[in-house]
Amino acid sequence: MTALPAAFLDSAKSVLGPKGWSEDAEKLNEVASPWRGIWPGETPFLAMPGSTEEAASLVKLCAEHRVALVPQGGNTGLVDGGTPHGEITVSMRRMNKVRALDTLNNSLTIEAGAPLVNAQTAADEANRLFPLSLGSEGQATIGGLISTNAGGVAVLRYGMMRDLILGLEVVLPSGEIWDGLSGLRKNNTGYDLKHLFAGAEGTLGLITAATLKLFPKVAKATAWVICETPQNVVDLLALTRDHAGDTVTSFEIIPANAIEMVQKDVPDTRDPAPSPLPWRVLIEVSMAREDQARETLMSALSDALEKGLADNAIIAESGQQAESFWHIRETIPLSKRAYGTAVNHDVAVPVSAIPDFLAATKAEIQKVVSEADIVAFGHVGDGNLHYSACEPKGAADSKLSNHAGEITRIVHEQAMRFGGSISAEHGVGRLKRDELAGIRPKAATDTMRAIKTALDPLGIMNPGRVVSV
């Protein structure tokens, strides 16, 4: 790592105060170590601003001294976007307050370092709902979720993270503060700047706070369904929406081998409905009243059973049983370690293309590693699949490791072939930056570079992520 200018360090420490910085080796290693343990980085200095003003002063110093920085939230990213590689790290976790909650406007203003669960809890205590939900919600922060445009399990009804934003407060690369914390839903006064920063992964500015949309609380009905084919699953989604409309909140596909994987890795995990058939679906319908949601879901599933789209279905009788269904789904990403090597992907295809994508991609991968186990699960409702090729059970050596690049090429080529994307909800980071530059239209990449250069001419904000300049 390049040594930091002494004048910068002295000024940064003064601006941040004794609680706002660290050069402790253990802490530096912690923020430079992504949770998956791959792509480890390094950082010479950890900044922890406690206010927007401190963050702005720090960024201004970085601009003056040409010091590059990496914004970091909960360090739960999956594409090497928030791991420092020689840059200083700016952790936002000290900025975690709820600033305002307006029940009549259905809005919540919260700082960027707050974990997602804090926003959910604040909304719940006000008899409101903040609908974003994902497995890392106890650690992933609001700023990180906005910066990666996170998805989660309720996109089908509520949209991606950018759809849940009303306003942002951002420190620009110059150190200037843009206060865009508007609670307005209609505000046609020029470029909608908040959408520049949502999904930009900290390359255009440092998000310090956000005003988010809240919704009325809902009652849920949850079902676990057994299906024979992916086509049955896609047809079941269409049928369920015919019955329930946009009240279908979640529609998750789970392969049988993923359940076996979770049971192996997580003690006391039980399969809700053992079956030799290969696919499960986790469905959630949410409405104003629980009886209404339950009756609607029951009607849809009765129709599905009669038409042969489902072999069996269980509607949760309690919140605890519903949580047990969700526990299996949310444990899959962590439980892939039971397989050893896994080559993971985050892709999206049109919902109608899911069956053909799954069949074609598996066939191509097994031409390379015939014994590979395919674990494909995720959000059928929005076409987002988490597609993993896992080490064959009982393999004496790691065949997948020798073919990881080829497997990724196959998965990404098939996703594009079916009109999809190689990055659905995890972001771009450094991992997919160069590949995407060769896939997306040249005009799109050129426009991104122009925006990056205009806002960050010194190239200090999370350099090397999303797009190269």
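The values are calculated or read from the model by the stated rules, or taken from the named source; none is laboratory data. Please read these numbers as outputs of a predicted model, since none were measured by experiment. Here the Cβ is made from the backbone with ideal geometry for all residues, glycine too, and neighbour counts use every protein chain on show. All accessible areas refer to the heavy atoms of the entire protein, side chains included, with ligands and DNA or RNA removed. Shrake-Rupley method; radii C 1.70, N 1.55, O 1.52, S 1.80 Å.
In whole Å, what is the distance between the alpha-carbon centres of the range 409-469 and the range 56-115?
Taking the Cα centre of each part, the range 409-469 and the range 56-115 sit 21 Å apart.
Which aspartates and glutamates have a Cα less than 19 Å from the Cα of Lys307, not counting those fewer than 8 places away in the same chain?
Partners found: Glu228, Asp235, Asp242, Glu295.
Search the structure for amide H atoms under 5 Å from the amide H of Trp21, placed 1.01 Å from N in the peptide plane, and list their residues when 5 or more places away or on another chain.
Result for Trp21 returns Met48.
Given Gly319, Ala3, His345, which one lies farthest toward the positive end of the charge dipole of the chain, if we put +1 on the Cβ of every Lys and Arg and -1 on the Cβ of every Asp and Glu?
Of Gly319, Ala3, His345, it is Ala3.
Would you please give the residues with an amide H less than 5 Å from that of Trp279, counting only those at least 5 places away or on a separate chain, with H modeled from the backbone geometry?
Close amide H contacts, sequence-distant or interchain: Cys227, Ala256.
When we measure straight from the Cα of Lys442, which aspartates and glutamates land under 13 angstrom away, once same-chain ones fewer than 8 places off are left out?
Excluding near neighbours in sequence, the set is Asp434.
Carbon and sulfur atoms: what percent of the 1.4 Å accessible area of the range 189-334 do they account for?
Reported share for carbon and sulfur atoms: 50 percent.
Just how large is the dipole of the range 279-416 about the Cα centre, in debye to the nearest 20, putting +1 at every Lys and Arg Cβ and -1 at every Asp and Glu Cβ?
Here the range 279-416 has a charge dipole of around 400 debye.
Using alpha carbons only, how many degrees (0 to 90, rounded to 10) separate the axis of helix 319-335 from the longest principal axis of the chain?
Relative to the chain, helix 319-335 is tipped by roughly 70 degrees.
Over the range 403-469, what relative contact order in percent results from Cα pairs under 8 Å that are six or more residues apart? List each step's numbers first, then the result.
On the way: 31 pairs, mean separation 24.0, N = 67.
36 percent.
Rounding to the nearest 20 debye, state how big the charge dipole of the chain is about its Cα centre with +1 on each Lys and Arg Cβ and -1 on each Asp and Glu Cβ.
Its charge dipole is roughly 800 debye.
When Lys and Arg each count +1 and Asp and Glu each count -1, what net charge do the other residues less than 13 Å away from Asn384, Cβ to Cβ, add up to?
So the environment of Asn384 carries a net charge of -4.
Return one whole number: the accessible area per residue of the chain in Å², for a 1.4 Å probe. List each step's numbers first, then the result.
Details: 19970 Å² over 469 residues.
Accessible surface, normalised per residue, equals 43 Å².
With the contact rule set at Cα under 8 Å and sequence spacing of 6 or more, what percent relative contact order holds for the range 79-145?
Working: 78 pairs, mean separation 18.9, N = 67.
Relative contact order comes out at 28 percent.
Could you tell me how many degrees, from 0 to 90 and to the nearest 10, lie between the Cα long axis of helix 354-368 and the main elongation axis, the longest principal axis, of the Cα atoms of the chain?
Compared with the principal axis, the helix lies near 80 degrees.
What net charge do the residues around Ser14 carry, taking every other residue with its C-beta under 15 Å from that of Ser14, with Lys and Arg at +1 and Asp and Glu at -1?
Working: positive: Lys13, Lys19, Lys60; negative: Asp10, Glu23, Glu53, Glu54, Glu64.
So the environment of Ser14 carries a net charge of -2.
Sequence-distant or interchain residues sharing an amide H contact under 5 Å with Asn312, placed H: which?
Amide H neighbours of Asn312: Ile226.
List the aspartates and glutamates whose Cα lies under 12 Å from the Cα of Lys362, skipping any in the same chain that are fewer than 8 positions away.
Output for Lys362: Glu371, Asp373.
With +1 on the Cβ of every Lys and Arg and -1 on the Cβ of every Asp and Glu, and nothing else charged, how large is the dipole of the range 240-298 about its Cα centre, in debye rounded to the nearest 20? List each step's numbers first, then the result.
Values: 6 positive and 11 negative charges, 20 e Å.
Roughly 100 debye for the range 240-298.
Pairs to check: Lys220/Lys452; Lys186/Lys217; Lys97/Lys432. Give those whose C-alpha atoms are more than 31 Å from each other in this structure.
Lys220/Lys452; Lys97/Lys432
Once neighbouring chains are kept in place and the probe is 1.4 Å, which whole percent of the accessible area of the range 352-448 is contributed by carbon and sulfur?
Whole-percent figure for carbon plus sulfur exposure: 50.
Calculate one ³J(HN,Hα) per residue across the range 249-254 by plugging θ = phi - 60° into the Karplus curve 6.51 cos²θ - 1.76 cosθ + 1.60, and present them in order as whole Hz with x for glycine and proline.
So the Karplus estimates, Gly and Pro as x, are 8, 9, 8, 10, 9, 9 Hz.
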